[in-house]
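The values are calculated or read from the model by the stated rules, or taken from the named source; none is laboratory data. Keep in mind that this is a model prediction, so the values were computed, not measured. Glycine also receives a Cβ, built like all others from the backbone with ideal geometry; neighbour counts cover every protein chain displayed.
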Amino acid sequence: MKNNLGRNIPEGKRVFISSKEYLHHERHLIPSKIKSEKVRFFASLEEAFLDCKIQSGMTLSFHHHLRSGDFVINQICNLLEQYKIQGISLAPSSIFPEYNIASLINSGSINNIHTSYLNGPASEAIAKGLLKGNLIMQTHGGRARAIESGELKIDVAFLACPTVDHMGNGSGAYGKSACGALGYGMSDLMYAKKVILVTDNLVDKLDSYQFDHGYVDGVVKVDSIGDPSGIVSGTTRITKDPVGLKIASDSAKLIEELGLLKNGMSMQTGAGGISLAVADAVKKAMIRKNIKGDFASGGITGYHVDMLKHNLFAKLYDVQCFDLLAVESFRNNKNHVGISASRYANPYEKDPIVDKLDVVILGATEIDTSFNVNVTTDSFGKIIGGSGGHADTANGAFVTIITSALSKARIPIIKNAVTTITTPGEDIDVLVTERGIAINPKRTDLLDLLVNSKLTILKIDQLLELSHKICGVPKTPENTDKVIGYVEYRDGSIIDSLYQSR
Amino acid sequence: MFRSLLFVPGNNPSMLQNADVFGADSVIFDLEDSVHVFEKDNARNLVRNYLDRYPALPTRILIRINASDSPFFEADILAIVSDRIDSIVLPKADIHAVKLLSEKLRELEKSKKLKKKISIIPIIEKATSVLEAQEISAFERVGGLLFGAEDYCSEMGIKRTDSGLELIYPRSHIAICCKAANIDAFDTPFVDVTDEEGLERDCITAFNLGFNGKAAIHPRQVQIINQQFSPSKEQIVWALKVLEAKKEADIKGLGVFSLDGKMIDKPIIERALKIRAMAERFILLEKTDEE
C-alpha cells in the first residue's frame, strides 16, 4: 500500500494523505488523571520502580530535557536489566547517544520504541533489525497528540525534575540540575497511568512550578538526576563557517524581502549554528528598522533571550531551554513563558504556537525536488535524528525556510527523492543554499514578492543540477525491504517506513 | 573596476570549492603567505586542477604567486598561467620584479597560445616600492596596485593603529599613482575579521583617499567592502537626477545649469557619470528605482 507521497506503507496502517488532513478529524482526548491518593515519597528509584509493578507489555515514558546528561532513563534501564523484564515499550521524547538502551534492545527487554529523535548506539541496533517490535518516530506535537488521544498509552512516566516540593509539585527552573522548561513532559504528566517524579532537589514549597502535584503519584529523591554539563551546553554559538554565514545572511535578506520583518512578527529558529546566525542577522535588521516582534518560540537559547531583553520580541514561548542563559531567563523573566509540547505543536490544540509563526528556519539532511525533507535518516538510511518539531513548525508557520549547504561531506543534499520523508514538501516553502534559493512553485505569492530580488532565485532542479556538476551524481544506497519502523506524521498517519540497513 | 578581492588559501579544498559564493568581485587564490613552505607544491597543484576542472569558478580570478626572489616563483607561474586567470598578484613587488614577471608572462602567453593578456597586480609593501609606485603603476601590464600594510609597517618598524594615521602617506601616494595611471587602487586588508565596524571605518578612510577597492581575508568582510566601495542610494539618485537635468540643458544649449539651487558644471557631470557607471557595473540601479 502506498500513501499519497508514494511511499510504501504496510497494510492496516493509517496512510498519510496530506498535512491538512487533520482538519477533517476531531480531537480525541482520554480523560486526564484524577488522583485521590496523596503523593508517595520513595526512598529509592528501585523502590518506586518495584512499586510500579512493571511487567512485559507496559510502556514507560521519559522526557529528554536533561538531554545528554540524563541519568534517570539510564537508571531505569539498569533496573529493567537487573530485574530481567522483557517486552517493554519505551517512549522517551528523544533518545540521545548517551542513553544506554542498545543492550536492552539486543536482549529483548525493550521491543518497541516511540520517540521524536534518535541517535547513537540505539539507532545502530535498530538499523540492524535487533528491535523485535517497531520503532515509531513521531513529531513533538504528534507525540503529545498520541498521548492525549490514548494512541500512545503510557503506563508509567518517570519524569526527571530538577526541583520538587513536599506537595509533589515540580519545576525545571531551580536546583543544581536546572534545565528550564519541562514542556516535553507535560502530556506524560497529565495522561500517564502512573507518574513518578525523580529529583535531586527536594524543597519545602515551590511558588511556581510546571508539574502539578495533582498528576503525580510518587516522588523519588536521588543523589543526582543528571550531569549538568550534558543537560544544557554552557553556550550555544553562531556558526563561524563562511558558507553557513552566507546562507544565514541570504536567509535574513529573504525574510526582509518577503515582508516578514514587521512589527508583531513571530519567528522560530533552531539552536544550530546556521539557525542562530539567521537569528542574529534578523536581530540586526530588527534593530536597524526598529521592529518590535511578538514572539520567538521553540527551543530557546541565549540569543533569543538577548532579543527578549532588547524588546525585539515581547515574549518567548519556550518548550525547551538549550543553554544556561535560557534557563536563567526562564527562571527570572515573566515574559519567558514555558509551554507544553501540546500547546507548542499539537495539531488539535486550539491555536498552537506553531500556527502563529510567521517564519520558521529549519535544517535538512536531504530535500527532494518535491521539497519533501528528510531529517530522520542519512542518505544510507541510518537513523540519525528525527522530526522533533520539524514537521509541526513547517506545517504551522506561514513561511518555512530550510537552510543548508548544497552538499555535505561531498554528498548533494538535494535528491530526486529523499531517502526518508520526515516533512512533506507541501509544507516546505523555501530552500536557502549558498549558491541559490529555491522557492516551492506552489508558493506563487512568495515568487511574486521576489520578482525584482537581487538574491539568486533558482528552481530546485537547477540547484540539483548544479550540485551534481560540482559533486557528481551519487549512487543510491539500497537498504533491505525489511521494515523496522515508521515515521508517523503529526496527525498519526504514516508518512514513511524505515528499513533495516544492508 | 572592482571593489573586493577575497584571498583564499590555495591549499584548502573546501575554501576553493566555495570561493565563488561570497559575492566577491574577484578572488585571489593564494600560493604565498597563507601556504606553508611544505605545502607550496600541493597548493600549486590543487589550484591548477581546480581551475582546470571545477565547474563553478569565480568570475574574476587572480593568483598570488610567491615573490620573484623566492625559489617558488618560476614553478608557480608555469603551473598557473592559463586563459582561466585574469591577473597575477605579485608580492614584494618592485619595478624589476614587475618587469621580470611581465617578460615571463609574455613568453608563456605565446608558448601556451593564450587568448588573453594576463595583467599584473603588484603588492606595494616595501618602502622602495612605495617610492617606485608611480613607475610601477605606469607599466603597461599593470592593472592595479594593492597596498600591503603589514609588511610595509614591519619594514618601517611602526605599529598599525586604529586611526591608520601611520599609513596616510603610502595610501595617498599609491592611490594618486593609480589614478594618474588610470588603473585600480586596492587597499590593504583589515586584519581583525571580527570587527565589522572597524572594517567599515577603514573602508571609508581608504575610499576617501582614492582607493576603489580593498582586499578581504575572510568571506564575511566581502559584503561590507562591496557596500562601502559602492555609491550609496542617495548618490545614485543624485547622479541620475544630474544626468537627466543635463539632457534638458543640452537641448537648451546650456553648458552650465542649475539643479536644486546648485550650479552643475563639467566636473560635477563627470562625477555623476562615474557614479552611474559604478551603479550599472555593480547592478545597483534597479534597487534605487524600486525604492
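Take the range A:170-204 and flag every residue that is touching a helix residue (DSSP H, G or I) at 6+ places or on another chain (Cβ under 9 Å), part of a loop (DSSP other than H, G, I, E, B) and either aliphatic (A, V, I, L, M) or surrounded by fewer than 24 Cβ atoms within 10 Å (Cβ to Cβ) (or both). Scanning the range A:170-204 gives A:173, A:174, A:176, A:178, A:181, A:182, A:192.
If I filter the range A:371-393 for residues that are charged (D, E, K, R), buried (at least 24 other Cβ atoms within 10 Å of the Cβ), touching a Pro at 6+ places or on another chain (Cβ under 8 Å) and within 17 Å of residue A:300 (Cα to Cα), do I get at least one hit? For the range A:371-393, residues charged (D, E, K, R), buried (at least 24 other Cβ atoms within 10 Å of the Cβ), touching a Pro at 6+ places or on another chain (Cβ under 8 Å) and within 17 Å of residue A:300 (Cα to Cα): present.
Within the range A:453-460, the presence of a residue that is of a type in the set (A, V, I, L, M), within 12 Å of chain B (Cβ to nearest Cβ) and part of a helix (DSSP H, G or I) is excluded.
Residue A:153 passes every criterion in (1) surrounded by fewer than 24 Cβ atoms within 10 Å (Cβ to Cβ); (2) outside any loop (DSSP other than H, G, I, E, B) apart from (2).
In this entry, residue B:198 passes the filter for residues that are under 28 Å from residue B:15 (Cβ atoms), in the same structural domain as residue B:123 (by TED's automatic domain parsing) and of a type in the set (Gly, Ala, Ser). Checking each residue in the range A:53-91 for being farther than 14 Å from residue A:155 by Cβ and either in a strand (DSSP E or B) or not assigned by TED's automatic domain parsing to the domain that holds residue A:135 (or both) picks out only A:70. Restricting attention to the range A:210-251, the residues that are among the aliphatic types (A, V, I, L, M) and away from every other protein chain (no Cβ under 14 Å) total 7.
If I go through the range A:431-452 residue by residue, how many of them are within 13 Å of chain B (Cβ to nearest Cβ) and closer than 27 Å to residue A:18 by Cα? Summing the residues that are within 13 Å of chain B (Cβ to nearest Cβ) and closer than 27 Å to residue A:18 by Cα in the range A:431-452 gives 4. Remark: pairs (first residue in the range A:276-287, under 14 Å from residue A:298 (Cβ atoms); second residue in a helix (DSSP H, G or I) and polar (S, T, N, Q); Cβ separation under 8 Å; 6+ apart in sequence or on different chains) = A:278/A:251. Exactly one residue out of A:95, A:85 is more than 25 Å from residue A:182 (Cα to Cα), of a type in the set (Val, Ile, Thr), surrounded by 13 or more Cβ atoms within 10 Å (Cβ to Cβ) and modelled with pLDDT of 95 or more, and it is A:85. Taken over the range B:46-77, the residue count meeting the criterion of being among the aliphatic types (A, V, I, L, M) and farther than 30 Å from residue A:471 by Cβ is 3. Among the residues of the range A:15-52, just one is part of a helix (DSSP H, G or I), among the acidic types (Asp, Glu) and in contact with an Asp or Glu (Cβ under 8 Å, 6 or more places away or on another chain), namely A:21.
When B:47, B:89, B:8, B:35 are checked against the criterion of being in contact (Cβ under 8 Å) with a residue 12 or more places away in the chain, within 14 Å of another protein chain (Cβ to nearest Cβ) and among the aliphatic types (A, V, I, L, M), B:8 stands alone in meeting it.
The residues on offer are A:11, A:47, A:21, and the sole one that is closer than 22 Å to residue A:147 by Cα and either without any contact (Cβ under 8 Å) to a residue 12 or more places away in the chain or of a type in the set (Asp, Glu) (or both) is A:21.
Residue A:469 meets the conditions (1) within 14 Å of chain B (Cβ to nearest Cβ); (2) buried (at least 16 other Cβ atoms within 10 Å of the Cβ); (3) in a helix (DSSP H, G or I) in every case but one. The failed one is (2).
Looking at A:400, A:423, A:444, just one residue is in the same structural domain as residue A:342 (by TED's automatic domain parsing), modelled with pLDDT of 95 or more and in contact with an Asp or Glu (Cβ under 6 Å, 6 or more places away or on another chain), and that residue is A:400. For the range A:262-282, filtering for residues that are of a type outside the set (S, T, N, Q) and surrounded by 22 or more Cβ atoms within 10 Å (Cβ to Cβ) leaves 10.
Does residue A:129 fit the bill of being within 25 Å of residue A:391 (Cα to Cα), assigned to a loop (DSSP other than H, G, I, E, B) and over 18 Å from the mean Cα position of the chain (by Cα)? No, not satisfied. Counting the residues of the range A:290-306 that are buried (at least 22 other Cβ atoms within 10 Å of the Cβ) and either of a type in the set (Asp, Glu) or in contact with a Gly (Cβ under 8 Å, 6 or more places away or on another chain) (or both) gives 4.
Only one of the listed residues (B:30, B:52, B:25) is surrounded by fewer than 19 Cβ atoms within 10 Å (Cβ to Cβ) and more than 14 Å from every other protein chain (Cβ to nearest Cβ). That residue is B:52.
Here's the yes/no breakdown for (1) of a type in the set (D, E, K, R); (2) more than 14 Å from chain A (Cβ to nearest Cβ); (3) over 14 Å from residue B:175 (Cβ atoms):
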position: B:207; (1), (2), (3): no, yes, no
position: B:211; (1), (2), (3): no, yes, no
position: B:216; (1), (2), (3): no, no, yes
position: B:219; (1), (2), (3): no, no, yes
position: B:233; (1), (2), (3): yes, no, yes
position: B:237; (1), (2), (3): no, yes, yes
position: B:241; (1), (2), (3): yes, yes, yes
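Assess whether residue B:41 counts as being surrounded by fewer than 20 Cβ atoms within 10 Å (Cβ to Cβ), more than 21 Å from the chain's Cα centre (by Cα) and away from every other protein chain (no Cβ under 14 Å). Yes; evaluated as a whole, the condition is true for this residue. For the condition touching a residue at least 12 places away in the same chain (Cβ under 8 Å) and either over 17 Å from the mean Cα position of the chain (by Cα) or part of a loop (DSSP other than H, G, I, E, B) (or both), residue A:105 qualifies. Applying the criterion of at least 3 residues that are touching a His at 6+ places or on another chain (Cβ under 9 Å) to the strands (runs of 3 or more DSSP E) found wholly in the range A:300-372 leaves A:313-321. Looking at the range A:373-403, which of the residues that are of a type in the set (A, V, I, L, M) and assigned to a strand (DSSP E or B) is nearest to residue A:347 (Cα to Cα)? Residue satisfying both the conditions and the ranking: A:399. Give me the pairs, please: first residue somewhere in the range B:186-200 and within 27 Å of residue B:87 (Cβ to Cβ), second residue anywhere and among the aliphatic types (A, V, I, L, M) and in a loop (DSSP other than H, G, I, E, B), beta-carbon distance under 7 Å, and either six or more positions apart or on two chains. Final answer for the pair search is B:189/B:217; B:191/B:217; B:193/B:217. All but one of (1) within 14 Å of chain A (Cβ to nearest Cβ); (2) among the aliphatic types (A, V, I, L, M); (3) part of a strand (DSSP E or B) hold for residue B:224, so report the exception by its number. Going through (1) within 14 Å of chain A (Cβ to nearest Cβ); (2) among the aliphatic types (A, V, I, L, M); (3) part of a strand (DSSP E or B) one by one, residue B:224 breaks only (3). Of all residues in the range A:252-272, those satisfying the criterion of being under 27 Å from residue B:19 (Cα atoms) and within 14 Å of another protein chain (Cβ to nearest Cβ) are A:252, A:253, A:256, A:257.
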